[in-house]
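Take a look at the structure set out below.
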Amino acid sequence: MLAGTVLLAAALHAPAVRADEAAILAELRAIVELSYSANQAAAKRLEAVRAGLPDNMPYRVHRELLLARHTLQSDAGQLDEAYETLESLRELAKANGDAGTVALARLGRVDRLMDQGKPMQALAALDALRPEIGAHPDPALQTRLDIAYGLAYNDTTQFDKALGHYLNALKLAEGSGAATLRSRLDTIALISRLYINMKNAEKGLEMATAALQAYRGTMPPRFKARLIFAQGCAYVVLGRNAEGLAAFEAALATAEEAGLATMEASILGNIADHYLHGKEYAKAETAARKALVKSLQVNDAGATMMAKANLGFALGGQGRIDAAEPYVHEVIAALRAAKATGDLVNMLDETSRMFESAGRTREALAYVREQQAVQSGMLRSERDQAVAALQEKFEADRRQRQIDQLARDNQLKDAVISGKRQEQWIIGLCAALLLAAGVFVYIQYRRARGANAELERLNARLEFHATRDPLTGLYNRRFFLDRMQGRAGMAEAERRQMRAAGVDAITLIDIDHFKQINDRWGHVVGDRTLVEVARRLTDAVRGTDMVLRWGGEEFLIFSPSMPAGQLQPMLERLLHGVGAKPVDCGDVQVPVKISAGTVPMPFCDFPESQFGWEKAVQLADMALYHAKSHGRNRAVIVDGLAEPARVSLARAESDFDGAVAQAAVMTTTVAGPD
């Protein structure tokens with residue numbers, strides 16, 4: 001082979017290496033291309049190349065050699081070796097004054113943080129690296145940076161930011177050539193998975209399927225496995241479980257054939273998760289153990305945690321709680337340490353259900369309380385983000401209004417100037433021309449009025465979509481926060497005068513066992529259930545009450561000026577209006593019950609500066625979880641606090657159930673339908 005001749009000459013004569021540098025670089029690119037379909041064969045070929053190169057090889061050759069080795073090691077699951085290779089690359093690039101490659105190698109440290117399940121630390125590392133990269137890095141480095149940001153934002157559930165970075169990476173991958181094709185396929189697979197995480201599985205499936213069809217004849221196995229795996233995830237979310245399992249098995253076979261050990265671990269974990277959702281616990285245990293072996297083999301912390309969680313729940317599903325405990329405890333501890341709040345909430349929820357099913361209610365309640373505490377923290381964070389988003393929207397609207405006004409002023413000036421010029425030219429012309437000019441001006445005026453009317457209609461539609469939940473049509477959390485911001489500016493005396501006719505009540509509502517509805521019948525039925533519950537809640541309250549979707553399967557009702565005696569009847573209407581009959585979803589009838597927590601305002605004569613709506617939502621959330629932990633299908637009204645009220649409030653915030661048991665918090669329970 002020509003490459004073999006070149007490498008032999010390079011080993012004997014260093015100058016010959018420089019002369020044939022292009023041929024060596026082409027061989028290294030061919031090896032990387034081979035790795036996408038046969039990783040082990042590529043690794044052997046790479047070592048043969050390295051053995052034929054002298055120690056004083058040109059910098060470009062040494063750089064590409066280390067990059068190729070890192071790619072092969074990463075795909076083979078040799079993560080520690082891959083990180084060591086990147087460190088060698090960083091030192092080499094630094095010695096040669098190559099700032100771009102130094103930054104590229106440092107991105108490997110970000111990858112390591114992600115593999116260790118530390119996305120927040122990864123984001124901090126990326127922000128610290130950004131000034132060193134500069135405002136205009138080369139396209140390859142910018143693509144790598146966007147992918148790293150997208151992965152970190154995805155793992156911290158900041159999906160809008162993740163999508164922005166992925167789309168930028170996809171834009172940079174436009175063009176021809178094998179390198180841009182690989183980058184494009186890689187990014188499409190990531191975007192497909194992101195849409196699935198964003199609860200838009202149809203869009204994710206559409207993207208993955210279109211890519212598989214468009215590049216069917218030119219797609220390396222590595223990217224084929226990723227896209228088939230994304231299809232499987234979408235099928236499962238859509239309730240098409242048989243197609244999902246078939247896709248997972250096809251992706252696994254493709255990954256095994258190409259020697260992609262890291263991908264094998266991830267796919268095996270999802271197969272185990274699939275069997276868990278189907279309550280096939282013995283099969284889930286087998287798949288989870290295989291996933292655990294593979295993830296430990298490649299030292300992938302994220303895949304290892306997923307495998308341990310699945311194994312724990314598979315054992316728990318078979319009634320082997322003592323064997324399951326060490327696995328779930330280890331995963332929960334890791335998620336706490338990583339501050340992965342979204343995953344931690346889900347893990348605590350699943351664990352509490354596992355213990356509840358086993359009849360161990362004390363442990364189940366402890367996990368429910370921790371889940372409640374974590375969600376309260378997330379609520380504060382989401383509130384701050386929502387306020388920032390509102391401020392950003394206000395500023396953007398203000399700037400747009402200024403731009404529109406300037407545009408209208410310029411148009412008016414242009415019209416005046418044009419009119420004066422025309423006046424100079426048409427002096428002396430006949431009346432017919434004057435009439436034509438008048439007709440022209442009238443037509444322009446009518447067009448301007450039509451354009452302004454269309455703009456007003458578009459603005460009205462934008463305002464509707466900004467304040468409404470797209471699924472249920474209810475007001476969303478942003479609208480409620482905006483309403484409460486206006487309330488915060490009112491004087492205390494003005495608020496109390498408005499409430500002369502009654503109290504302002506905040507009620508938090510959660511659909512009982514909603515996850516089981518999704519798991520059993522799929523997300524389409526789950527979405528229909530949410531829409532019907534929203535309709536029933538709206539029918540059960542007054543026209544002046546605000547019903548909004550708080551998030552997921554949670555709703556919030558704000559009832560201004562509610563007579564105190566009408567609070568309990570309202571909750572009875574809500575419980576019976578939703579739970580008295582199942583939801584008709586065509587082929588299935590879905591039984592639905594709700595739990596609720598209600599807090600009146602003002603509360604125990606606290607001024608709103610000390611007990612505002614945020615405190616009321618927090619206390620209503622505690623009452624909601626008290627209702628859930630005491631049987632569900634009920635509502636709990638927080639009537640008041642024992643004196644001294646401040647001490648009782650502090651006790652309730654730290655241990656609501658204990659405060660109720662010790663009569664520090666007075667409550668009324670409203671039962672739902674049988």
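Read-outs: derived from the displayed coordinates by stated rules, not from any lab. Since the structure is predicted, the reported quantities are computational estimates derived from the model, not experimental observations. Cβ coordinates were reconstructed from backbone atoms using ideal geometry, including for glycine residues, and neighbour counts include every protein chain displayed.
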Report the gain in length on full extension from LEU471 to ARG320: 0.36 nm times residue separation, minus Cα-Cα distance, nm rounded to one decimal. 50.4 nm
Could you check the spin-label model distance between ASP138 and LYS283? Points 7 Å from the Cα along Cα→Cβ, value in nm. 4.9 nm
Shape category assigned to region 477-671 from the gyration tensor of Cα positions, a/c cut at 1.5: prolate
Estimate the FRET efficiency between SER88 and GLU257 by the formula 1/(1 + (r/R0)^6), using the beta-carbon distance for r and 25 Å for R0, to the nearest 0.05. 0.25
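Sorted by packing (mean other beta-carbon atoms within 10 Å per residue), highest first, where do 362-370, 66-74, 165-173 land? Walk me through the numbers before you get to the answer.
Values: 362-370: 17.2, 66-74: 21.9, 165-173: 19.1.
The packing order, highest mean first, is 66-74, 165-173, 362-370.
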If the reach is capped at under 16 angstrom between alpha carbons, list the aspartates and glutamates near LYS118, excluding any in the same chain fewer than eight residues apart. ASP127, ASP155, ASP300, GLU330, ASP343
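Ranked highest first by the average count of other Cβ atoms within 10 Å around their residues, in what order do 616-625, 323-332, 638-647 fall? Spell out each step's value before the answer.
Numbers: 616-625: 23.5, 323-332: 18.6, 638-647: 15.2.
Packing order, densest peptide first, comes out as 616-625, 323-332, 638-647.
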Tell me which residues come under 5 Å, amide H to amide H, from VAL503 once H is placed; ignore anything under 5 positions away on its chain. MET562, ALA564
What distance in nm lies between label points placed 7 Å from Cα along the C-beta direction at ASN96 and THR544? 7.6 nm
Which FRET efficiency value, to the nearest 0.05, is calculated for MET666 and ARG336 with the Förster distance at 30 angstrom and r the Cβ-Cβ distance? 0.35
ALA659: net charge of surrounding residues, Cβ under 14 Å, Lys/Arg +1, Asp/Glu -1, itself excluded? -2
Obtain the nm distance between the two label points defined at LYS44 and ASN200 by a simple spin-label model: each point lies 7 Å from its Cα along the Cα-to-C-beta direction. 4.6 nm
Below 29 Å, Cα to Cα, which lysines can LYS628 reach? Residues fewer than 8 away in the same chain don't count. LYS199, LYS279, LYS308, LYS339, LYS515, LYS581, LYS593, LYS615
What is the extension gain from ASP527 to SER609, computed as 0.36 nm multiplied by their sequence separation minus the C-alpha to C-alpha distance, in nm to one decimal? 25.7 nm
Per residue of region 140-157, in order, report the coupling 6.51 cos²θ - 1.76 cosθ + 1.60 (Karplus, θ = phi - 60°) as ³J(HN,Hα) in whole Hz, putting x for Gly and Pro. 5, 5, 5, 4, 4, 5, 5, 5, 4, 4, x, 4, 5, 5, 4, 6, 9, 6
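State the antiparallel share, in %, of DSSP beta bridges confined to region 525-653, rounding to the nearest 5.
Details: 7 of 10 bridges.
The antiparallel fraction comes to roughly 70 percent.
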Length gained, ASP674-LEU296, 0.36 nm per residue minus C-alpha separation, equals 131.2 nm
Below 10 angstrom from the Cβ of LEU276, what's the summed charge of the other residues (Lys, Arg +1; Asp, Glu -1)? -3
